[in-house]
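Below is one structure, written out as structure tokens; comments come after it.
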Amino acid sequence: MSRNAFTRTRFALRPLALALPAAFLSFSAPLAQADTTGASEQSSHRTRHYSIAAGPLASVLNRFAEQSGVFLAGHNDLAAGKRSPGLDGDYTDSQALQRLLQGSGLQASPQGNGGYVLQAVPASQGALELDATNISGQGLGATTEDTHSYTTGSTSSATGLSLSLRETPQSVTVITRQQMDDQGSTSIADTLRRAPGISVQNYDSERWEFSSRGLPITNFQYDGVNTDYDGVYDYGTTSTDMATFDRVEIIKGATGLMTGSGDPSATVNLIRKRPTKEFKASIAGTVGSWDNYRSEGDISGPLTESGNVRGRFVGVYQDRSAYMDHYQNTKDIAYGILEADLTPDTLLTFGMDQQNTRSRGASWTGFPMYFSDGSRTNFSRSFNPATDWSRRDFTNQTIFASVQQRLANDWTLKVSYDRKHRQHDTLLGSASGGNPDPVTGNGMFMYMGKFKGDQVQDNIDINLTGPFSLFGREHELIAGFMSMNARQDIPVHGSVYPALNSSVFDWRGEFPKPDIPRIGDNDIVQRQTGAYLATRLKPTDDLSVILGGRVSDFKGSDHLDYNDPNTPDVRDGYRQTGVVTPYAGLIYDLNDTYSLYTSYTSIYQPQMSKDAARQLLDPVEGDSYEAGIKAEYFGGRLNASFAVFRIEQDNVAQYISGFETESVYSAVQGATTKGFEFELAGEVMEGWNLSAGYTYNHTRDAKGDYVYGSVLQTTAPEQVVRVFSTYRLPGAWENLTVGGGVNWQSEFFGNVFQPNPSDTVNFGQYSRITQDSYYLVDLMARYRFNDHLSATVNVKNLFDKTYYTGLGNFGTGFYGEPRSLQLTTKWDF
């Protein structure tokens, strides 16, 4: 039997061995009869060229054994659940094995017959050292912290299966911990506005809308757990701080298999930091433009001598002003997580995070775009229409727990529970209504409202995943059940719109607080359950077929009870059962570097938007298609992708008129988005990291007209370019890292009411305002003084570009952030 023939049957021996099993040593003894010592020495110094993709450790080691002819022994359990970063380049056998085993906790011990035996690294042993290579950092697994990388080794956000980016049949953007630190991104808005393929617009000072492929993003997850997102009240989702997260995974396109419902733009999955097996700690302090002061602490490590219990705590306090007048924002964050190895096969995780955000001078919408005579306004970027007492306060608390049980034959059962308690307390006053006289500044009125909300969301996820054999080949399967139950209790106070009674040109944020009485109560309940199944079939070594499906039930109710008995109460709701969401993906490996792929999934999203007759719009339905080519270089440390996509939707809500919950929408039919995107992320060469992407999308309805956002009456830019790169200098300057980036996007426009004094009937008409294409340049530099102390400088919007980042919210506009400077000093213990 040939070596390749034996390898093809290895999975029949899974209970006995890993990769090329121990039995193979004696079976192949005739191949190494002569001077085994000499053969071993020659092997240890001979180099070969390898090109092995990242993947499950057992599979990667098998491919290495096939290419090298090296005899490799070890029990199957050693590789269970582990991944390898792969290999690309010229290496000796020992160097190659060390690279392949990076971060796995395993080492390859050479044997006298030219083979190697896999063993666990002793707890007392530090970095592995083979030949002249010394690698003490982590390899590219799922976790990105301490890898200094701009990419990841695996992701499960798209299908639930742990796959490399190349193995995932959708476009995936990963913003790693290193990239966030290099860019000085401390909030989700900072992070996403620089992410390839993502554009950002502002509702006002506290709320953002993120878009992908020309469509708004409403799917947000934390460690894969869905979060109910309300674009109107927000509950602080778009103000999330990034200190507690290892990375952000952005799955482009529809993700109904794992989310059940949602827009086919993208799903943003924020992955939390985990406890580390070794002690590590850091403190950091930041000072920046507009009195921005931030302190951050992070401590992690084992809590017992054996290391079977590990913990981590992250704390943040920030106090800052802004480029807008009389604005102040503070936040405090506490995050704690524990992991306990109850048995060698049982992992218990428990954690809690709390984020409190308070703002004063918070605006409700922006500034008017037109004067009363129909000419354009020219407010400065520092103009803040909010009163000095106007506030949006958010309190977000999450408690999460999971038990992960490793079963026989590499199967794993995981049960997760997540409970979110989110509150907002909002009292707004903003001089944003109307159109001022161009000479006197008179004629404005106030947007004023009191809003509160208390939301509790419970999530349960149970899944079983593992390999199985069929027709002599190994495949993967995941089956699971998810349940989400969210309830909002909202005391209804309503809104008032008093006249400003003074010139807006003299505005300093001073206006009496209104007395807004409570007029009723609003209870909103949303429930979703879903059973899902996905499998990755491997008909051949080069072909992977991912098939999946989800069966979901949706239920929602919106009950508004008024205190006034003469005002009729409102009862709205929906219920859909047995909704099937199919998923199909195909990946074909052209060689060890390039793969072709295609995928399809359907779209289904219930909605609470109402038409002019106050009837709920039908659910959004449609289809999402994608195809492209992916590549991974240098053992997966650099990933590239090119994708074309097409999205078809019916019943898309488009804003017509009204204010907040009383808004009127129409259902757009035949909304079609098509386009393409390119992305490159990772390490181009040693010390040089790069994240680059270009996206083009084109969205029109069945009549060929533009599709406007449901809240912001704007389009999204059709073209987006995001580039950011850093380089650690060599030689005597190795402690210095420099970098920079360019963010460019094409024009976008909004519909805004333009007054016309000569029009005595309509008093004007809606007209289009265009924000021309613009680019922003960022710079950074970091100097590491020693093993503990480093300092990073970030300059954002270097050339101080003036641009709109919001158009059309109640007919107003909002400026983007001017040039800013930020200095962060960090001490690593």
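The values are calculated or read from the model by the stated rules, or taken from the named source; none is laboratory data. Model, not experiment: these values are computed from the prediction. Neighbour counts are summed over all protein chains in view; Cβ atoms, including those assigned to glycine, are modelled from backbone coordinates with ideal geometry.
Give me the residue from the range 660-680 that is touching a Leu at 6+ places or on another chain (Cβ under 7 Å) and crowded, with 18+ Cβ neighbours inside 10 Å and, out of that set, nearest to Gly741 (Cα to Cα). Break it down into steps so the answer makes sense when it comes.
Within the range 660-680, the subset touching a Leu at 6+ places or on another chain (Cβ under 7 Å) is 665, 667, 673, 680.
Retained after the next criterion (residues that are crowded, with 18+ Cβ neighbours inside 10 Å): 665, 673, 680.
Numbers: Tyr665: 39, Thr673: 28, Leu680: 14 Å.
So, considering only residues that are touching a Leu at 6+ places or on another chain (Cβ under 7 Å) and crowded, with 18+ Cβ neighbours inside 10 Å, the one nearest to Gly741 (Cα to Cα) is Leu680.
For the range 558-601, give me each residue that is touching a strand residue (DSSP E or B) at 6+ places or on another chain (Cβ under 7 Å), outside any strand (DSSP E or B) and not aliphatic (A, V, I, L, M).
Narrowing the range 558-601 to residues touching a strand residue (DSSP E or B) at 6+ places or on another chain (Cβ under 7 Å): 558-563, 569-590, 592-601.
Filter once more, keeping what is outside any strand (DSSP E or B): 563, 569, 590, 592-593.
If the condition is that a residue be touching a strand residue (DSSP E or B) at 6+ places or on another chain (Cβ under 7 Å), outside any strand (DSSP E or B) and not aliphatic (A, V, I, L, M), then Asn563, Asp569, Asp592, Thr593 are the ones that fit.
Look through Asp263, Asp223, Asp241 and report the one residue that is more than 14 Å from the chain's Cα centre (by Cα) and either of a type outside the set (A, V, I, L, M) or not assigned by TED's automatic domain parsing to the domain that holds Ala671 (or both).
Details: Asp223 fails: more than 14 Å from the chain's Cα centre (by Cα); Asp241 fails: more than 14 Å from the chain's Cα centre (by Cα).
Exactly one of Asp263, Asp223, Asp241 is more than 14 Å from the chain's Cα centre (by Cα) and either of a type outside the set (A, V, I, L, M) or not assigned by TED's automatic domain parsing to the domain that holds Ala671 (or both), namely Asp263.
So that you can scan it fast, the table gives a plain yes or no per residue for (1) exposed (fewer than 15 other Cβ atoms within 10 Å of the Cβ); (2) of a type in the set (A, V, I, L, M):
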{"position": "Gln719", "(1), (2)": "no, no"}
{"position": "Phe724", "(1), (2)": "no, no"}
{"position": "Tyr727", "(1), (2)": "no, no"}
{"position": "Glu734", "(1), (2)": "yes, no"}
{"position": "Gly739", "(1), (2)": "no, no"}
{"position": "Val761", "(1), (2)": "yes, yes"}
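With respect to the numbered conditions (1) touching a Pro at 6+ places or on another chain (Cβ under 6 Å); (2) at pLDDT below 80, which one is the sole condition not fulfilled by Tyr116?
Against the list (1) touching a Pro at 6+ places or on another chain (Cβ under 6 Å); (2) at pLDDT below 80, Tyr116 comes up short only on (2).
In the range 757-777, what count of residues is obtained for those that are part of a strand (DSSP E or B) and either of a type in the set (A, V, I, L, M) or within 28 Å of Arg207 (Cα to Cα) (or both)? Working first, answer last.
Narrowing the range 757-777 to residues part of a strand (DSSP E or B): 764-771, 774-777.
If we keep only those that are either of a type in the set (A, V, I, L, M) or within 28 Å of Arg207 (Cα to Cα) (or both) too, we end up with 765-771, 774-777.
The number of residues fulfilling the criteria is 11.
What is the residue count in the range 324-348 for residues that are surrounded by fewer than 20 Cβ atoms within 10 Å (Cβ to Cβ) and either of a type in the set (Ser, Thr, Tyr) or within 24 Å of Thr812 (Cα to Cα) (or both)? Can you show your working first?
Of all residues in the range 324-348, those surrounded by fewer than 20 Cβ atoms within 10 Å (Cβ to Cβ) come to 325-326, 328, 330, 332, 334, 336, 338, 340-348.
If we keep only those that are either of a type in the set (Ser, Thr, Tyr) or within 24 Å of Thr812 (Cα to Cα) (or both) as well, we get 325-326, 328, 330, 343, 346.
Counting residues in the range 324-348 that are surrounded by fewer than 20 Cβ atoms within 10 Å (Cβ to Cβ) and either of a type in the set (Ser, Thr, Tyr) or within 24 Å of Thr812 (Cα to Cα) (or both) gives 6.
Among the residues of the range 602-622, which ones are acidic (Asp, Glu) and touching a residue at least 40 places away in the same chain (Cβ under 8 Å)? Spell out the reasoning first.
Step one: filter the range 602-622 for residues acidic (Asp, Glu), giving 611, 618, 621.
Asp611, Asp618, listed by residue number.
Of everything in the range 629-642, what is out of contact with any helix residue (DSSP H, G or I) (no Cβ under 8 Å at 6 or more places or on another chain), buried (at least 24 other Cβ atoms within 10 Å of the Cβ) and either among the small types (Gly, Ala, Ser) or not assigned by TED's automatic domain parsing to the domain that holds Ser595 (or both)? Give them in sequence order.
Gly636, Ser641
Looking at (1) at pLDDT below 95; (2) touching a Pro at 6+ places or on another chain (Cβ under 9 Å); (3) surrounded by 22 or more Cβ atoms within 10 Å (Cβ to Cβ), which is the one condition that is false for Ser430?
(1) is the only condition that Ser430 fails.
Quick check, is Ala142 among the small types (Gly, Ala, Ser), at pLDDT 95 or above and assigned to a loop (DSSP other than H, G, I, E, B)?
So Ala142 fails the test.
Residues that are modelled with pLDDT under 95, out of contact with any His (no Cβ under 7 Å at 6 or more places or on another chain) and not aromatic (Phe, Trp, Tyr), at least 1 per element: which strands (runs of 3 or more DSSP E) completely within the range 778-822 meet that? Working first, answer last.
Working: elements: 789-796, 804-809, 812-815.
Ranges flagged: 804-809, 812-815.
Return the residues of the range 195-209 that are farther than 18 Å from Ser624 by Cβ and either more than 12 Å from the chain's Cα centre (by Cα) or assigned to a strand (DSSP E or B) (or both); say none if nothing qualifies.
Within the range 195-209, the first condition is being farther than 18 Å from Ser624 by Cβ, and the residues that meet it are 195-196, 199-209.
If the condition is that a residue be farther than 18 Å from Ser624 by Cβ and either more than 12 Å from the chain's Cα centre (by Cα) or assigned to a strand (DSSP E or B) (or both), then Ser199, Val200, Gln201, Asn202, Tyr203, Asp204, Ser205, Glu206, Arg207, Trp208, Glu209 are the ones that fit.
Could you list, in sequence order, all residues of the range 283-314 that are within 23 Å of the chain's Cα centre (by Cα) and over 19 Å from Gly184 (Cβ atoms)?
Answer for the range 283-314, where residues must be within 23 Å of the chain's Cα centre (by Cα) and over 19 Å from Gly184 (Cβ atoms): Arg312, Phe313.
Looking at the range 527-545, which of its residues are more than 14 Å from Thr255 (Cα to Cα) and part of a strand (DSSP E or B)? Steps first, answer last, please.
So in the range 527-545, the residues more than 14 Å from Thr255 (Cα to Cα) come out as 527-529, 531, 535-545.
Result: Arg527, Gln528, Thr529, Ala531, Thr535, Arg536, Leu537, Leu543, Ser544, Val545.
Among the candidates Ala195, Ala254, single out the residue that is of a type in the set (Gly, Ala, Ser) and under 19 Å from Ala692 (Cβ atoms).
Numbers: Ala254 fails: under 19 Å from Ala692 (Cβ atoms).
That would be Ala195, the only listed residue that is of a type in the set (Gly, Ala, Ser) and under 19 Å from Ala692 (Cβ atoms).
Among the residues of the range 469-479, is there at least one that is touching an Asp or Glu at 6+ places or on another chain (Cβ under 8 Å), over 16 Å from Leu161 (Cβ atoms) and at pLDDT below 95?
no
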